[in-house]
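All remarks here apply to the structure that follows.
The values are calculated or read from the model by the stated rules, or taken from the named source; none is laboratory data. Remember, predicted model here, so these are calculated numbers, not experimental data. Note: ideal-geometry Cβ built from the backbone for every residue, glycine included; neighbour counts use all protein chains shown. All accessible areas refer to the heavy atoms of the entire protein, side chains included, with ligands and DNA or RNA removed. Shrake-Rupley method; radii C 1.70, N 1.55, O 1.52, S 1.80 Å.
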Amino acid sequence: HRMTSVLNVDTIAAKDGTSAATLTKQSAAKAFAQVEADGSAVLTSLNTSSWTDEGTGDGIQNLTNAFSSANYSAIASAHCDLGSSLGGIGAVNSLNSASAIEYRGTNASGARTDPNNDYNLSTFGDLA
């Protein structure tokens, strides 16, 4: 016989009963943000203190808690309308630090451009 059940919990803790449970053999984003295309607002975020608009197609995600180094995996995407001129978006490795990540959006010709909706940013790595 197969039994179906539902597990309802309010808190998951480590064996000591008070510490937060840790991930085992998994990795979660240590920072993420959804930012308005014009840089006017951070819509939702984790470990993001602010967004600095550096002009068309260029912006900096400022982190609340720094990474242990500038060696992390920064992933970017954008919500765009059909027919958008955005060709790509990504982190600018040479400009990144442990506490700030610069992103750049370009069109198919390589010229800087903003998405017409918003940026979506996720970063994986070790925090300091």
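With respect to the numbered conditions (1) more than 25 Å from L127 (Cβ to Cβ); (2) touching a residue at least 24 places away in the same chain (Cβ under 8 Å); (3) open to solvent by 80 Å² or more (accessible area, probe 1.4 Å), which one is the sole condition not fulfilled by N65?
(1)
Give me the residue from the stretch 86-100 that is assigned to a loop (DSSP other than H, G, I, E, B) and either polar (S, T, N, Q) or in contact with a helix residue (DSSP H, G or I) (Cβ under 7 Å, 6 or more places away or on another chain) (or both) and, out of that set, surrounded by the most Cβ atoms within 10 Å (Cβ to Cβ). Please lay out each step first, then the result.
Let us first name the residues in the stretch 86-100 that are assigned to a loop (DSSP other than H, G, I, E, B), namely 92, 96-99.
In the following step, the residues that additionally are either polar (S, T, N, Q) or in contact with a helix residue (DSSP H, G or I) (Cβ under 7 Å, 6 or more places away or on another chain) (or both) were identified as 96-97, 99.
Details: N96: 21, S97: 14, S99: 15.
Checking each candidate, the answer is N96.
For the stretch 68-84: of the residues being assigned to a loop (DSSP other than H, G, I, E, B) and among the hydrophobic types (A, V, I, L, M, F, W, C), which is surrounded by the fewest Cβ atoms within 10 Å (Cβ to Cβ)?
The initial filter retains those residues of the stretch 68-84 that are assigned to a loop (DSSP other than H, G, I, E, B), namely 68-72, 80-84.
Remaining after also requiring among the hydrophobic types (A, V, I, L, M, F, W, C): 70, 80, 82.
Numbers: A70: 17, C80: 17, L82: 4.
Looking at the filtered set, the residue picked out is L82.
Condition first: aliphatic (A, V, I, L, M), touching a strand residue (DSSP E or B) at 6+ places or on another chain (Cβ under 9 Å) and open to solvent by less than 50 Å² (accessible area, probe 1.4 Å). Can you find one or more residues in the stretch 38-53 that meet it?
Yes: one or more hits.
Which of the residues belonging to the stretch 101-128 are small (G, A, S), in a strand (DSSP E or B) and open to solvent by 20 Å² or more (accessible area, probe 1.4 Å)? Talk me through it step by step, then tell me what you get.
First, the residues of the stretch 101-128 that are small (G, A, S): 105, 108-111, 122, 125, 128.
Remaining after also requiring in a strand (DSSP E or B): 105, 122.
If the condition is that a residue be small (G, A, S), in a strand (DSSP E or B) and open to solvent by 20 Å² or more (accessible area, probe 1.4 Å), then S122 is the only one that fits.
Would you check which residues across the stretch 109-128 are within 20 Å of T48 (Cα to Cα), over 13 Å from the mean Cα position of the chain (by Cα) and at pLDDT 85 or above and list them?
Answer for the stretch 109-128, where residues must be within 20 Å of T48 (Cα to Cα), over 13 Å from the mean Cα position of the chain (by Cα) and at pLDDT 85 or above: D126, L127, A128.
Let's see how each residue does on (1) free of Cβ contacts under 8 Å to residues at least 24 places away in the same chain; (2) under 13 Å from the mean Cα position of the chain (by Cα):
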position	(1), (2)
V9	yes, no
A33	no, yes
T56	no, no
N93	yes, no
N107	yes, no
